[in-house]
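Heads up: the structure comes next, in structure tokens.
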Amino acid sequence: MSEKSAGGFEQLITFSRSVTPLPIEVRQGTTDDKWVNFGTNNLYPNFLLSLFGDCALHRGIISKKVNFLMGDGIVNKGDNKAFNADLNPVDSAEELIQKLVYDFTIFQYFAIEVQYDLLTNKPLYFSHIPANHLRSNKSKTKFWVCDDWQAKKNVLTYDRWVKGKNEDRKSKLFYYTGYAPTVNTVYPDVDYKASITAMVTDILINVFNKNNIENGFSPVNIINFFKGTPTAQDAKAYEREFKQTFQGVDGLKYLLSFNDPEGKAPEINTVAGDDYATKLIEVVKKIENAILQSHSATRLLFGVETEGSLGGNGSELEIQFEIFKQTWVKNTRNVIESGLNRLFADAGLPAIEFKDKSTLFSASLDNATREKVLTIDELRAIDGKPALVDGTGSRLLSAAPVQAPNQNQFSANGKKLTDADFELVKDMGVGRSEFDFVADEALKFADDQIDNYLISEDINGKSLDQIKADIKSKLDATVSTDDLTKRLNKLTEANVIKSDITDGKVQVKPLEAPKQGKEVQVMYEYKVRPGYGDPLIDTSRGFCVKLINNDRLYTRADIQQMSAIFGYDVYRHCGGWYFNSDTGKAENQCRHEWKTVKVIRKDGVQ
């Protein structure tokens, strides 16, 4: 901490550490008649609220998640009519449920006060209890509600709601957490727990940058005292006094210099700071990746800019929206609906469900809005017209067309994955040793676009002329009737498809199921492209080296998740890409590719 120098005794005071609260449960005594503290100071829910309020990316993701969950509103299960029950005198049914959805998304639980009709002793009103106001005993049979747990004033007490039971006719509390694996017994862990440290860091960086801007990016100050060299004990006393005043991200760095007596007043000299913004770029990227990954969120769908990306079009957004609905929205809705329907059934209310929003963009968009969010090809598709064959239809109508290039070269923009990037996905996939590989005749034809089309598309019942026209329209390829017939016969002989041509029409029958009742799975392995030599060379990217040495197989969902983490199509561009300024497109330049394989899990492997 200190040393002697020509300038005198010097002491450097640095930022003190920021401590992130932990979601620990602290019992009060050994009985079950008191609440369990949530966090060491019983204010952990307030900390979660501060993350929602101060971390911009986290708040944006939470708000979008709630919007996706609410969909097109709440309806009666079965008849699809709007759920308009009078749940309390203040909120509409949809307003109440939206509050509960917000709580569940932020805290992983919600609470409802159930008020009973004094005459019939049936549930009469259901009122929202803010999740951060609630505390519970260990057995979750008694609850305390307070709007200020720091002051602990006006604390209300409730017993647990039990279906069909209310002997004392008092209001009860319905506390619902669903299920989430955790070491806690009372309060659940949030599903974004793994990125809380990243969120705190993001907030601290914002405060740090704010203070650097305010002090002109000169955070280091040298304070010279001209009253002689103090003892080590006196120097530490000075240090303590300064730390009490200047500490944390709101404080500055100070270098205390004690010099020989000269009768001078203390001097303060400023030392220019480093370019902190430059140093923090990589940290910010890792923070964004951690937060997005913990939320199962993609950059495109949640509006997070990706460096070097031209942005997504309507079709890409719709695809990612559908994936997110299937992987997160649907499951979360089921959990919330299960809890609410169990509660509402006690009052004789109909079962409810969230009405799904079928598409991200409304079909009733006016022409002006369509031109802002849909590409030229998507606008043509609405009118039943094919995409432009030269690729110029992939841009927005309002965007400037790509100018003809003066020279054929790549710009410096692009993406190269490193071994550090691999660490984010190292646990994905399944070891190759867990599978037996199946010889698949279909793979022999995968590289031929016409054969691949005949394998993957629904051609059953179509005439040869219709199939030829479809190939011309979708692949911009020409095939004769004789060639098409030969291709179909070749695929049938290889047992890839089972087809029959009668009177110029193609009939396709399903192939027999795999023998022995074992399920054949389609997986992907990371391999060097044909004609590119050894799998790994001296210039191979760290990501590619580790992915190949990891010796695993991956599902298409795994690869899609990698794309979400790294912000580009990993299936297409693998370990990296360049932005071609001539074509305005990201182009592949990695030596590797994803190769399709068919496998069966070995006996005894789960």
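Quick rundown of the values:
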read-out	value
Those helices (runs of 4 or more DSSP H) lying entirely in segment 299-376 with at least 1 residues within 26 Å of the chain's Cα centre (by Cα) and at pLDDT 75 or above	314-324, 330-345
Any pair with Cβ under 7 angstrom, 6 or more apart, that starts in segment 544-570 at a residue that is within 20 Å of Val284 (Cα to Cα) and ends at one that is hydroxyl-bearing (Ser, Thr, Tyr) and surrounded by 19 or more Cβ atoms within 10 Å (Cβ to Cβ)	Ala564/Thr298
Residue check, Lys170 assigned to a loop (DSSP other than H, G, I, E, B) and at positive phi	no
Condition check for Val190: aliphatic (A, V, I, L, M), outside any strand (DSSP E or B), touching a residue at least 40 places away in the same chain (Cβ under 8 Å) and within 23 Å of Ile106 (Cβ to Cβ)	yes
Neighbours by Cβ (under 6 Å, 6+ apart or cross-chain): first from segment 44-68, assigned by the TED database to the domain that holds Thr105; second open to solvent by 50 Å² or more (accessible area, probe 1.4 Å) and outside any helix (DSSP H, G or I)	Tyr44/Pro21; Phe47/Pro21
Subset tally (residues that are surrounded by 17 or more Cβ atoms within 10 Å (Cβ to Cβ) and at pLDDT below 90) for segment 16-35	1
Residue within segment 564-584 that is part of a strand (DSSP E or B), modelled with pLDDT of 90 or more and crowded, with 16+ Cβ neighbours inside 10 Å present	no
Members of segment 446-467 found to be modelled with pLDDT of 85 or more and touching a Leu at 6+ places or on another chain (Cβ under 6 Å), listed by number	Leu464
Residue tally, condition open to solvent by less than 80 Å² (accessible area, probe 1.4 Å) and either at pLDDT 55 or above or not charged (D, E, K, R) (or both), over segment 514-525	8
Residue ranges of strands (runs of 3 or more DSSP E) in segment 74-164 with at least 3 members in contact with a helix residue (DSSP H, G or I) (Cβ under 7 Å, 6 or more places away or on another chain)	110-116
Filter result (buried (at least 16 other Cβ atoms within 10 Å of the Cβ) and not aromatic (Phe, Trp, Tyr)) within segment 36-48	Val36, Asn37, Gly39, Asn42, Leu43, Pro45, Asn46, Leu48
Hits in segment 471-491 (condition: part of a helix (DSSP H, G or I) and open to solvent by 60 Å² or more (accessible area, probe 1.4 Å))	Lys472, Ser473, Lys474, Asp482, Lys486, Asn489, Lys490
Residue within segment 116-123 that is within 33 Å of the chain's Cα centre (by Cα), open to solvent by less than 50 Å² (accessible area, probe 1.4 Å) and either among the acidic types (Asp, Glu) or not assigned by the TED database to the domain that holds Phe38 (or both) present	no
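Quick grid of which residues meet (1) open to solvent by less than 50 Å² (accessible area, probe 1.4 Å); (2) modelled with pLDDT of 50 or more; (3) part of a strand (DSSP E or B); (4) among the charged types (D, E, K, R):
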| site | (1), (2), (3), (4) |
| --- | --- |
| Gln403 | no, no, no, no |
| Asn406 | no, no, no, no |
| Gln409 | no, no, no, no |
| Lys415 | no, yes, yes, yes |
| Asp421 | yes, yes, no, yes |
| Leu424 | no, yes, no, no |
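The values are calculated or read from the model by the stated rules, or taken from the named source; none is laboratory data. Everything quoted here is computed from the prediction, not taken from an experiment. Cβ: placed from backbone, ideal geometry, glycine included. Neighbour counts: every protein chain shown. With ligands, DNA and RNA removed, areas are computed over all heavy atoms of the protein, side chains included. Shrake-Rupley method; radii C 1.70, N 1.55, O 1.52, S 1.80 Å.
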